[in-house]
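Read-outs: derived from the displayed coordinates by stated rules, not from any lab. Bear in mind the structure is a predicted one, so any value in this text is a computation, not a measurement. Neighbour counts run over all protein chains shown; Cβ positions are idealised from the backbone, glycine included.
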Amino acid sequence: MNPYSFTVSLRVTHPMWQADRISTALNLRPSVEWSVGSPKTDGAGVPLGGVRDETYWSHSFGEPQQGDVTLFLEQCVAKLATYRDFFDKVVATGGEIELFIGVFGDRNLGIIIPVDLMEQLSELHLALAFDVYPQSDCG
């Protein structure tokens with residue numbers, strides 16, 4: 001068993017497109033979204049002043065999981081490969097796409113991303129963003 005759990009989200013940012021365009025193209029429901037030009041608010045909806053300078057769209061692939069994050073990423077990439085043309089358009093028009101991986105562990109851990117998976121990620125313009133959250137009893 002792996003010494004960690006993890007979450008994975010697909011994130012898309014774009015300087016011009018509205019968030020609903022991304023939702024429609026990917027046929028996925030966002031867990032978080034806002035569109036360029038919309039008023040800035042905090043997580044509770046309280047206005048912060050100003051407007052968003054880009055669109056942000058994120059879809060979570062579920063609750064924290066145990067298991068092999070590499071295997072999970074391979075499965076995500078296989079499913080997302082059908083959207084390659086859309087991802088090409090996102091990047092060609094100034095957007096960015098990433099798979100965000102939150103890793104939660106209570107001891108040292110290592111994750112290897114195989115070269116063939118990195119090639120597949122690159123073909124889809126998918127960057128990887130890792131946040132590692134150590135869980136400790138040290139308070």
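Helix-only estimate, please: 222 nm mean residue ellipticity of the chain, summing -39500 (n - 2.57) across DSSP H runs of length 4 or more and dividing by its residues, to the nearest 500. Please report the intermediate quantities before stating the final value.
Working: 4 runs with 38 residues, N = 139.
Helices in the chain give a 222 nm mean residue ellipticity of -8000 deg cm²/dmol.
Which residues does the label zone of ARG52 cover in region 5-27, counting backbone N under 14 Å from a point 7 Å along Cα→Cβ?
What the label zone holds, given the 14 Å backbone N cut-off, is 11-24.
Taking the DSSP beta bridges in the chain as the whole, what percent of them are antiparallel, to the nearest 5? Could you put the intermediate results ahead of the total?
Details: 23 of 32 bridges.
Just about 70 percent of them are antiparallel.
Distance from the Cα centre of region 9-41 to that of region 107-127, in angstrom?
If you average the Cα positions of each part, the centres end up 24 Å apart.
For ASP131 paired with ASP85, estimate the spin-label separation in nm (one decimal), with each label point 7 Å from Cα along the Cα-to-Cβ line.
3.4
Across region 96-105, in residue order, what do the Karplus-derived ³J(HN,Hα) couplings come to in whole Hz, using 6.51 cos²θ - 1.76 cosθ + 1.60 with θ = phi - 60° and x for Gly and Pro?
Couplings: 9, 9, 8, 9, 9, 10, x, 10, 10, x Hz.
Using 1/(1 + (r/R0)^6) with R0 = 41 angstrom and r between the beta carbons of SER122 and THR41, what's the FRET efficiency to the nearest 0.05? Write out the running numbers ahead of the final one.
Numbers: r = 35 Å, r/R0 = 0.85.
After rounding to 0.05, the efficiency reads 0.75.
So how many Å³ per residue does the convex hull of the Cα atoms of the chain work out to? The partial results should precede the final answer.
On the way: hull volume 17.7 nm³, N = 139.
Value for the chain: 127 Å³ per residue.
In Å, what Kirkwood hydrodynamic radius results for region 81-131 from the alpha-carbon pair distances?
Values: mean 1/r = 0.0800 Å⁻¹.
In region 81-131 this quantity evaluates to 12.5 Å.
Using alpha carbons only, what's the Rg to Rh ratio of region 1-75 with Rh from Kirkwood?
Working: Rg = 15.3 Å, Rh = 14.1 Å.
My calculation of the ratio gives 1.09.
What's the exposure ranking of ARG52, ARG29, going from fewest to most Cβ atoms within 10 Å?
Details: ARG52 15, ARG29 9.
Fewest-to-most ranking of ARG52, ARG29: ARG29, ARG52.
Go ahead and set up a Gaussian network model of the chain, Cα springs under 10 Å, then flag whichever of VAL32, VAL115, VAL69 fluctuates most.
Largest GNM mean-square fluctuation: VAL115.
How long are the semi-axes of the equivalent ellipsoid of region 28-69, defined as square roots of 5 times the Cα gyration tensor eigenvalues? Whole Å, largest first.
Numbers: eigenvalues 155, 28, 12 Å².
Each semi-axis is the square root of five times an eigenvalue, giving 28, 12, 8 Å.
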